[in-house]
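Just below is one structure, and these are the notes that go with it.
The values are calculated or read from the model by the stated rules, or taken from the named source; none is laboratory data. This structure is a prediction, so every number in the text was calculated from the model and none was measured. With ideal geometry, Cβ positions are generated from the backbone for all residues, glycine too; neighbour counts draw on all protein chains shown.
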Amino acid sequence: MLTLKKKLAEAILCTLNEKNDAHGLDAEAISGMFEYPPDKAMGDLAFPCFKLSKALRAAPPQIAAMLADSVSIPEISRTDIAGGYLNMFISDAYLAERLGKINELGEDYGRFDFGKGKRIVLDYSSPNVAKPFHIGHLGTTVIGHSLKMLHEFAGYECIGINHLGDWGTQFGKLIVAFRLWGNREAIEAGGIDELVALYVKFHEEAENDPSLNDRAREEFTKLEHFDSENIALWKWFIEISIAEYQKTYKQLGIEFDSYNGESFYSDKMPAIVNELREKELMTIDDGASIVNLDAYNMGPCLILKRDGSTLYPTRDIAAAKYRKENYDFEKCIYVTSAGQSLHFAQWFKVVELMGYEWARDLVHVPYGTVSINGEKLATRTGNVILLKDLFAMSIDKVRGIIKEKNPELAENDEVAEAVGVGAIVFHYLSNSRIKDINFVLEDALSFEGNTGPYSQYTYARTCSILEKASSEGKIGALTDEAERELIKVLARYPERILDAIGDYEPMIITRYILDVCNSFNRFYHSCKIIGADSEDVRDTRIDITSAVNSVLKTAFKLICIKPTEKI
C-alpha cells in the first residue's frame with residue numbers, strides 16, 4: 001500500500017534525479033521530511049525545502065517553486081509557496097477515492113505485506129513464577145502484544161514467547177516457606193495469592209533469622225541437581241502460576257506460542273560457555289568468568305559466577321541462539337524495562353563478538369517504570385496492585401455506568417469487561433513507552449476526556465448508526481468541511497501503522513484512535529447522517545461512518561482492546 005506521502009516523495013525524487021540533484025536522497029528519506037501544518041489554511045501537507053537548500057545550493061523558495069510542478073498529481077488540488085515551504089492541498093477526488101478504498105478493504109485497510117515470508121520473535125510479559133501479575137507487568141505485556149499485532153498486520157509471521165522467570169534462588173525460598181508454613185489444600189484453594197503470601201512471609205522471617213537464606217540456597221541447589229521432591233514442588237508452583245496468568249491474558253485477548261522460560265535453557269548454557277572459551281572471548285576476573293567490553297565503553301558481561309553457576313546473560317545468549325536456529329527470525333524483539341538496557345546492550349555485543357551476523361537483528365524495546373502514587377513496587381513488601389484487582393475495580397465502575405445509562409443492555413457483563421479492561425490498557429498506552437508513569441488510580445479509572453471508554457463509546461455509536469442504515473456504496477460530493485477533515489484523518493491510518501512499527505511505539509496507534517474519535521464526533525455533531533437532506537449526501541455520510549467503524553475496530557485490536565458494539 002503506497003501512502004500519499006510516499007507517492008509525493010517519489011514524485012519529488014524523480015524531479016531531483018532529472019536535475020541530477022538528489023544528493024543521495026531516497027523516497028524514504030524524502031517521505032520523512034513532510035510535515036502536517038498546524039493550521040489547515042497552510043495546507044494539508046507541507047514540504048520544508050530548507051533541508052535541501054545546502055545540497056542544492058539554492059534558496060528554499062526557489063526549490064519550492066522547482067518542486068511545485070512535480071506534485072501536480074490528481075491527489076493534490078493546488079499548491080502554495082510560503083517562504084521555504086511547499087504547501088499542498090488534498091483534492092476531494094482523492095478523499096472520495098480513499099473513502100471508497102477503505103470501505104472496499106474493510107478491516108484489511110492499513111494492512112501491509114512487506115513482512116510476508118519473514119518471521120519475528122517477540123519476547124514479552126515474562127512474569128516471575130509464583131509472584132503476582134501486578135501493574136508493573138502491564139507494560140511489557142501490552143506493549144509486547146501490540147507490537148506482535150502490528151507486525152502481523154504488516155504480513156510477518158510472529159512468534160510470541162513468554163520467557164517465564166521459572167528458575168533461581170526464589171524457588172529455594174518458596175520451597176522452604178512451603179515446608180515451614182504452607183499446606184497443599186490452602187494453595188490449591190488460594191492459588192498464586194497463597195504462594196505470594198508465603199514468599200512475603202519468608203522475607204519477613206528471614207530478617208530475624210538469616211539462616212533461612214542459607215536453607216533457601218541449599219534447596220535451590222538440590223533443585224538444580226534434580227532432587228525429585230523439589231522438582232515436583234517446582235513444577236506445581238509453575239502450573240498454579242500459569243493458570244492464574246492465563247486468566248489475565250484471556251481478559252486481554254493474548255495467547256502465546258511458547259512458555260519456555262529460563263529453566264528450558266539450562267542444558268543449553270554449557271555449550272555457550274565452551275564456545276566463548278574456544279573463541280577466547282572469556283577471561284577470569286576475581287574468580288568470575290567475564291567478557292571484557294571496555295573497548296565498547298561498557299562494563300564486563302558476566303558469564304559465570306565464582307562458583308561456576310550461570311547468570312542472566314548466559315541464559316539470554318543461549319535462548320537467542322536457540323531461537324535463531326529454530327525460528328530463523330528476521331528480528332528478535334525483547335520488551336523489558338529501560339532499567340535492563342545495559343544488560344541487553346552487553347549480551348547483544350557478546351553475540352556479535354561471537355561472530356553471529358544476526359546479532360544486528362536483536363532488538364531491545366525498553367519502557368519506563370511504573371509507580372503507584374509515587375511509591376516503588378515491591379513484591380517482597382506487598383506494595384503492589386494486582387492487575388486482576390485493578391481490572392475488577394474498573395469493570396465494576398463501567399458496570400455501574402451501563403446500568404445507569406443503558407439498563408436493557410443484554411451483554412452487560414461482557415461489555416463491562418471489554419470497556420473496563422480497555423480503560424486500563426488505553427490509559428497506559430496513551431503515554432510514550434519510554435516515559436516513567438506514576439499510576440494514579442483516579443486518573444486511570446476516569447471516564448471523561450480522551451480515554452478508552454470515550455473511544456469505545458464512539459465505536460459503539462458508529463455501530464448503532466450502521467445498524468439503522470446502509471448505503472448503496474455510491475460516494476457523492478463532499479458537502480461539509482467536517483466530512484473532508486475526517487476522511488483526511490482516516491487516510492493517515494496506513495502511515496500511522498508504519499510509524500508505530502518503525503518506532504516500536506503503540507502510543508502512536510492510541511493517539512491516532514483519539515484523532516479519529518475526535519474528528520468523527522465533530523462530524524457527527526456537524527452533519528446529519530441518516531436524516532441528511534438528500535440520498536446522495538446520506539449515503540456518503542453512512543460510508544464515512546462505515547470507514548470509521550472499520551478503522552477503529554482494527555486499531556483497537558492492535559492495542560489489545562476488545563471493541564464492543566454497544567455500551
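Points worth noting:
- Scanning the stretch 146-164 finds one or more residues that are crowded, with 24+ Cβ neighbours inside 10 Å, of a type in the set (Gly, Ala, Ser), touching a residue at least 40 places away in the same chain (Cβ under 8 Å) and on the phi < 0 side of the Ramachandran plot.
- Filtering the stretch 419-442 to residues that are of a type in the set (A, V, I, L, M, F, W, C) and either touching a Gly at 6+ places or on another chain (Cβ under 8 Å) or farther than 22 Å from His134 by Cβ (or both) leaves Val419, Ala423, Ile424, Val425, Phe426, Ile434, Ile437.
- Of the residues Thr510, Thr545, Thr564, the single one that is of a type in the set (Val, Ile, Thr) and modelled with pLDDT under 95 is Thr564.
- Verdict on Ile372 being modelled with pLDDT under 80 and crowded, with 17+ Cβ neighbours inside 10 Å: yes
- Residue match in the stretch 549-565 (condition: in contact (Cβ under 8 Å) with a residue 12 or more places away in the chain, over 19 Å from the mean Cα position of the chain (by Cα) and surrounded by fewer than 20 Cβ atoms within 10 Å (Cβ to Cβ)): yes
- Qualifying residue in the stretch 78-97 (condition: of a type outside the set (Lys, Arg) and within 30 Å of Cys158 (Cβ to Cβ)): no
- Members of the stretch 317-347 found to be within 18 Å of the chain's Cα centre (by Cα) and aromatic (Phe, Trp, Tyr), listed by number: Tyr334
- Val196 being buried (at least 17 other Cβ atoms within 10 Å of the Cβ), free of Cβ contacts under 8 Å to residues at least 60 places away in the same chain and under 37 Å from the mean Cα position of the chain (by Cα): no
- In the set Asp543, Asp503, only one residue is crowded, with 22+ Cβ neighbours inside 10 Å and acidic (Asp, Glu); that residue is Asp543.
- Annotation: Pro74 fulfils all but one of (1) of a type outside the set (Ser, Thr, Tyr); (2) in contact (Cβ under 8 Å) with a residue 24 or more places away in the chain; (3) outside any strand (DSSP E or B); the unmet one is (2).
- Of everything listed in (1) over 31 Å from the mean Cα position of the chain (by Cα); (2) surrounded by fewer than 15 Cβ atoms within 10 Å (Cβ to Cβ); (3) in contact (Cβ under 8 Å) with a residue 40 or more places away in the chain, the single unmet condition for Glu107 is (1).
- Total residues in the stretch 274-302 satisfying the condition of being over 17 Å from Gln340 (Cβ atoms) and touching a helix residue (DSSP H, G or I) at 6+ places or on another chain (Cβ under 7 Å): the figure is 4.
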